[in-house]
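Okay, structure first, notes after.
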Number of protein chains: 6
Amino acid sequence: MKISVFRKEHFNAAHRLHNPRWSDEKNARVFGKCNNPNYHGHNYELIVQVTGEVDPETGYLIDMKVLSDLIKEHVTEKFDHKNLSLDVEEFQDLNPSAENIAIVIWRILRQLLEDKYELKVKLYETERNFVEFPA
Amino acid sequence: MKISVFRKEHFNAAHRLHNPRWSDEKNARVFGKCNNPNYHGHNYELIVQVTGEVDPETGYLIDMKVLSDLIKEHVTEKFDHKNLSLDVEEFQDLNPSAENIAIVIWRILRQLLEDKYELKVKLYETERNFVEFPA
Amino acid sequence: MKISVFRKEHFNAAHRLHNPRWSDEKNARVFGKCNNPNYHGHNYELIVQVTGEVDPETGYLIDMKVLSDLIKEHVTEKFDHKNLSLDVEEFQDLNPSAENIAIVIWRILRQLLEDKYELKVKLYETERNFVEFPA
Amino acid sequence: MKISVFRKEHFNAAHRLHNPRWSDEKNARVFGKCNNPNYHGHNYELIVQVTGEVDPETGYLIDMKVLSDLIKEHVTEKFDHKNLSLDVEEFQDLNPSAENIAIVIWRILRQLLEDKYELKVKLYETERNFVEFPA
Amino acid sequence: MKISVFRKEHFNAAHRLHNPRWSDEKNARVFGKCNNPNYHGHNYELIVQVTGEVDPETGYLIDMKVLSDLIKEHVTEKFDHKNLSLDVEEFQDLNPSAENIAIVIWRILRQLLEDKYELKVKLYETERNFVEFPA
Amino acid sequence: MKISVFRKEHFNAAHRLHNPRWSDEKNARVFGKCNNPNYHGHNYELIVQVTGEVDPETGYLIDMKVLSDLIKEHVTEKFDHKNLSLDVEEFQDLNPSAENIAIVIWRILRQLLEDKYELKVKLYETERNFVEFPA
């Protein structure tokens, strides 16, 4: 039977929800306060779940320090204290909704993890709104 | 691959665990303190999980404002500051255990959500006792 | 210099806010949903703060096990899974607002603690509404 | 003896720490990542503490619904989903550090509360960084 | 459709990560600070998830009091205020990593629960590092 | 009026409560499970509160990055993943109760902070047991 380990990290970022192919009126109607042209922001909490077999030599699925360093180097360093809409390459042509941020983070980490591991990410935009990918 | 979004809402309610087909002695033995005839109460935390495909136009699975309004109108308005055993129609003939409250909430929301979405509800009766339906 | 120790306990209870010297209309207007005649309820979180000098023999201000047992015997056993408005003597003639519950708990514990200790209680009715006595 | 009541509200906002009287180099050195010209953001948690005497008629220090509505109308509606540095009048000439945001909120609420009440605000910029005014 | 119920318990314990078949150098390199020969410790939070069918007579999947007593008697009484590496039989020949502690707890509880129930355990070593078995 | 800023840090450590001037029987009776000769452990959460005047140039009371680095260098690096009873100089002749750990941390930080600042430390041994010094 497989086991999952979870590592929680965080980053603070600004963003704006906006579809450049829509009129300003439609953007305002669909995205409401989240469409503020001057941006707003969040403390994002990220939980990365890795699933696989325990190594009998270490009792580890994966070294949590290694996993934490991977997330920090490739995700939180890139996103923390940034404006996702302006500063982060992946969102230059993609709306930085919680759903899309989670999918982007999953893609970044999926390339870096060995194939033997399954991967999920859970992203809290606020304590009351959060997403998980893949479901 | 599908994604899940989660919305957390809350309500405060009184209830009593009781089976009217049992004697008072059996009710007291099975339900213990939860059988107090004068009721007791909880701050219930409700997490609604909706699963499906992201809409590429919005980057949303479902508009969280719409989801939150749906939960408020059809669940928390009905249950908040109420006595579940006395004031809520669904529990006139159903014991308001955490399990049954979660199932009732799932049935209410299932009817209101489009078929393309999968639905789960998680209900915290206390920080230490909680349920999820369906498993 | 003095030190404070804090012990957190909890209880789940029903109550109704009501002033028997007022009309039903005034009660409904002032207390709103909290005036529901069938009661509602909460998970109360209680933090008891005791202040004084550290005993150099033990390194303790007060034995936390002793403090916890005192709170359980004299407060949470009396209030847990009860209807404060109906089952608890102290609220037969006193509105069980969060403020009054905190004051009642303070009075109970003040009598039981040695005079050399200062005492405060903090009571969370919900995560968003809480009180502290004395200020 | 007086009692305190506490009400917790929240808002999500973008900001940039910056002193316009300093060079870009000094701003970058002093404020580090918080000086990002494209802004970053936070989920701010605000706890408003009001202190005074319990009204014996209601058992309330102050009606929490009234207090919550006051905070929402005059603080969180103004700050939520805004860029504090660009959209909020009070920070056009004041650096939106956690300290200054707390002082601005205190001044707004102090004018609106009756003199018989004492007032404190606690502001969480993150779970690990927070401020209280006045001390 | 099945339902899950969850019960949260906790224990405080010391441990040391160590593989007796490795050199001290390799242990120090692989396990880092967790290899301190004098031990370190944690507040472990344990969530036990039981899945099955609701009993229509009680509205319960399983009596939470019975489940809590089972966990206390067979897990937390054995582990609480103990040194897992020295005091707990199951870890005399097994490295007490979070993964292995979760698997040991699952095996203890699996034997005690009726076959009709499915079982999962989630174990928080810290707020930021946790595991779930089986995945 | 003064303002307070708070910085939260954490460390994981083992310890044993013990008074070497007492018999084993008295130690066992007074300290109970906390007297386990093989130690037990905790995730300690530390909140450092600094009080003073806001600097009008920065809007800061103190740079939180500087404060965090100070706590990490002088407190959490010394205590994290250690056995307080064996590895930490200050507890070679002082019982590592939560009260004494808080006082030791306060003394370390008091020497390092400028006199213009007031200082308090709050230490959570568990979510339910915590201390503050000075009161």
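Annotations for the structure displayed:
- Failed item in (1) under 30 Å from F:Leu123 (Cα atoms); (2) crowded, with 17+ Cβ neighbours inside 10 Å, with C:Arg16 passing the rest: (1)
- Residue in segment D:118-126 that is within 11 Å of another protein chain (Cβ to nearest Cβ), part of a loop (DSSP other than H, G, I, E, B) and basic (Lys, Arg) present: no
- Residues being among the β-branched types (Val, Ile, Thr) and touching a Lys or Arg at 6+ places or on another chain (Cβ under 6 Å) - total across segment E:22-62: 3
- Verdict on F:Glu73 being charged (D, E, K, R) and more than 9 Å from every other protein chain (Cβ to nearest Cβ): yes
- Test: residue in segment E:27-39 that is under 25 Å from F:Glu127 (Cβ atoms), surrounded by 15 or more Cβ atoms within 10 Å (Cβ to Cβ) and under 12 Å from the mean Cα position of the chain (by Cα): no
- Residue in segment F:106-114 that is under 21 Å from E:Asp80 (Cα atoms), in contact (Cβ under 8 Å) with a residue 60 or more places away in the chain and surrounded by fewer than 18 Cβ atoms within 10 Å (Cβ to Cβ) present: no
- Search result, residues across segment D:82-111 that are part of a helix (DSSP H, G or I), in contact with a helix residue (DSSP H, G or I) (Cβ under 6 Å, 6 or more places away or on another chain) and aliphatic (A, V, I, L, M): D:Leu84, D:Val104, D:Ile105, D:Ile108
- Only listed residue being surrounded by fewer than 22 Cβ atoms within 10 Å (Cβ to Cβ) and either assigned to a strand (DSSP E or B) or modelled with pLDDT under 95 (or both), chosen from F:Thr51, F:Thr58: F:Thr51
- Residue match in segment E:36-49 (condition: under 30 Å from B:Arg107 (Cβ atoms), touching a Ser or Thr at 6+ places or on another chain (Cβ under 6 Å) and without any contact (Cβ under 8 Å) to a residue 40 or more places away in the chain): no
- Pick from segment D:61-73, criterion in a helix (DSSP H, G or I) and free of Cβ contacts under 8 Å to residues at least 40 places away in the same chain, ranking: nearest to D:Tyr117 (Cα to Cα): D:Val66
- Search result, residues across segment C:1-44 that are touching an Asp or Glu at 6+ places or on another chain (Cβ under 7 Å), within 12 Å of chain B (Cβ to nearest Cβ) and farther than 19 Å from C:Glu99 by Cβ: C:Lys8, C:Asn12, C:Asn38
- Number of residues in segment C:1-25 that are more than 22 Å from the chain's Cα centre (by Cα), charged (D, E, K, R) and under 18 Å from C:Leu94 (Cβ atoms): the value is 1.
- For beta carbons closer than 6 Å, sequence separation of 6+ or different chains, a first residue in segment E:1-25 that is more than 20 Å from B:Asn129 (Cα to Cα) and a second that is surrounded by 14 or more Cβ atoms within 10 Å (Cβ to Cβ) and of a type in the set (Ser, Thr, Tyr), the qualifying pairs are E:Ala14/E:Tyr39; E:Ala14/F:Tyr39; E:His15/E:Ser85; E:Arg16/E:Tyr39; E:Arg16/E:Ser85.
- Just one of (1) in a helix (DSSP H, G or I); (2) more than 27 Å from F:Ile103 (Cα to Cα); (3) in contact with a Lys or Arg (Cβ under 7 Å, 6 or more places away or on another chain) fails for C:Phe130. It is (1).
- Test: residue in segment C:18-28 that is polar (S, T, N, Q) and either on the phi > 0 side of the Ramachandran plot or in a helix (DSSP H, G or I) (or both): yes
- Taking the listed residues B:Val121, B:Val131, the one that is of a type in the set (A, V, I, L, M) and touching a Ser or Thr at 6+ places or on another chain (Cβ under 7 Å) is B:Val131, with no other qualifying.
- The residues in segment C:115-135 that are closer than 17 Å to D:Val5 by Cα, of a type in the set (Lys, Arg) and touching a residue at least 12 places away in the same chain (Cβ under 8 Å) can be counted, and the count is 2.
- Condition met for C:Arg128 (of a type in the set (Lys, Arg) and over 14 Å from the mean Cα position of the chain (by Cα)): yes
- Any hit, segment D:68-75, residues being over 23 Å from F:Val5 (Cβ atoms) and buried (at least 21 other Cβ atoms within 10 Å of the Cβ): no
The values are calculated or read from the model by the stated rules, or taken from the named source; none is laboratory data. Bear in mind that the values here come from a model prediction, so they are computed numbers and not experimental data. So basically every Cβ, Gly included, is an ideal-geometry build from the backbone, and we count neighbours across all protein chains shown.
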